[in-house]
Amino acid sequence: MALDVSRREIVQYPDPVLRTVARPVDVIDDAVRAVAARMIELMHDADGAGLAAPQVGLSWRMFVTRASEDHTDRVHVNPDLVDLGGDMDVRPEGCLSLPGITLDIRRPTNAVLTCLDLDGRSITLTATDLEARVWQHELDHINGVLIIDKMTPMDRIANRRLLKELEVAAGRGP
Ligand code: NI
């Protein structure tokens, strides 16, 4: 598959790729590394803390983050959350594929993640607070889950117009 990596942009709700369970990355080659670099660039441009491959139209189990305390860019290939714990915490979350929408989302504060790095090495990482939250948000993405799936009835009412506008902008609305 020819990937014109430099032209990839962030796709927005309701693009169906955001609802697809992504498939594992079989081989970490130059194409995968180029996509990861473009994702990091887009994450920075949009001032985001993380970005998942489906958000650039690729149904791959991969995401990038810059949510650690030192703001390092990280690439996580075939990630798996192997443990979640700590307290439950409610914080506002946005999503680069849902511009204008911020929701209070309840998630555990501590996480353990296994994944491959871009050299194919298996790594295990632990995080708390923001980084643990971003991992959970991005892992949701590669499973086709969005923050709007966690809306309360009040959230649904408050965000109905914004969601409709995104649907209309995509040509899928009435
Ligand atoms: Ni998101």
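At-a-glance table
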{"item": "Top-ranked residue of the stretch 108-157 - restricted to ones that are out of contact with any helix residue (DSSP H, G or I) (no Cβ under 8 Å at 6 or more places or on another chain) and polar (S, T, N, Q), ranked as farthest from ASP87 (Cα to Cα)", "result": "SER122"}
{"item": "Flag if PRO153 is modelled with pLDDT under 95, of a type outside the set (Ser, Thr, Tyr) and away from the ligand (no atom under 16 Å from the Cβ)", "result": "no"}
{"item": "Hey, ASN143 within 17 Å of TRP60 (Cα to Cα), at pLDDT 95 or above and either within 16 Å of the ligand (Cβ to nearest atom) or in contact with a strand residue (DSSP E or B) (Cβ under 7 Å, 6 or more places away or on another chain) (or both) or not", "result": "yes"}
{"item": "Pairs, first within 20 Å of ALA53 (Cβ to Cβ) in the stretch 144-167, second of a type in the set (Phe, Trp, Tyr), C-beta under 7 Å, six or more apart", "result": "LEU146/TYR13"}
{"item": "Pair list, Cβ under 9 Å, 6 or more apart: the stretch 94-115 residue more than 18 Å from GLU9 (Cβ to Cβ), other residue hydroxyl-bearing (Ser, Thr, Tyr) and within 16 Å of the ligand (Cβ to nearest atom)", "result": "ILE101/TYR13"}
{"item": "Residues of the stretch 45-65 that turn out to be of a type in the set (Asp, Glu) and within 18 Å of TRP135 (Cβ to Cβ), as a count", "result": "0"}
{"item": "Candidates PRO24, PRO92, PRO14, filtered to the one that is surrounded by fewer than 20 Cβ atoms within 10 Å (Cβ to Cβ), touching a strand residue (DSSP E or B) at 6+ places or on another chain (Cβ under 9 Å) and within 26 Å of LYS164 (Cα to Cα)", "result": "PRO92"}
{"item": "Selection from the stretch 40-63 of residues that are out of contact with any Lys or Arg (no Cβ under 7 Å at 6 or more places or on another chain), of a type in the set (A, V, I, L, M) and assigned to a loop (DSSP other than H, G, I, E, B)", "result": "ALA46, LEU58"}
{"item": "Set SER97, SER68: member being closer than 21 Å to ALA46 by Cβ, in contact with an Asp or Glu (Cβ under 8 Å, 6 or more places away or on another chain) and at pLDDT 95 or above", "result": "SER97"}
{"item": "Those residues of the stretch 135-174 which are farther than 30 Å from SER68 by Cβ and among the basic types (Lys, Arg), in sequence order", "result": "ARG156, ARG160, ARG161, LYS164, ARG172"}
{"item": "Matching residues, the stretch 45-66, being away from the ligand (no atom under 12 Å from the Cβ), closer than 13 Å to ALA127 by Cβ and aliphatic (A, V, I, L, M)", "result": "none"}
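The values are calculated or read from the model by the stated rules, or taken from the named source; none is laboratory data. Not measured: the values here are computed from a predicted model. Ideal geometry is used to build each Cβ from the backbone, glycine not excepted, and the neighbour counts take in all protein chains shown.
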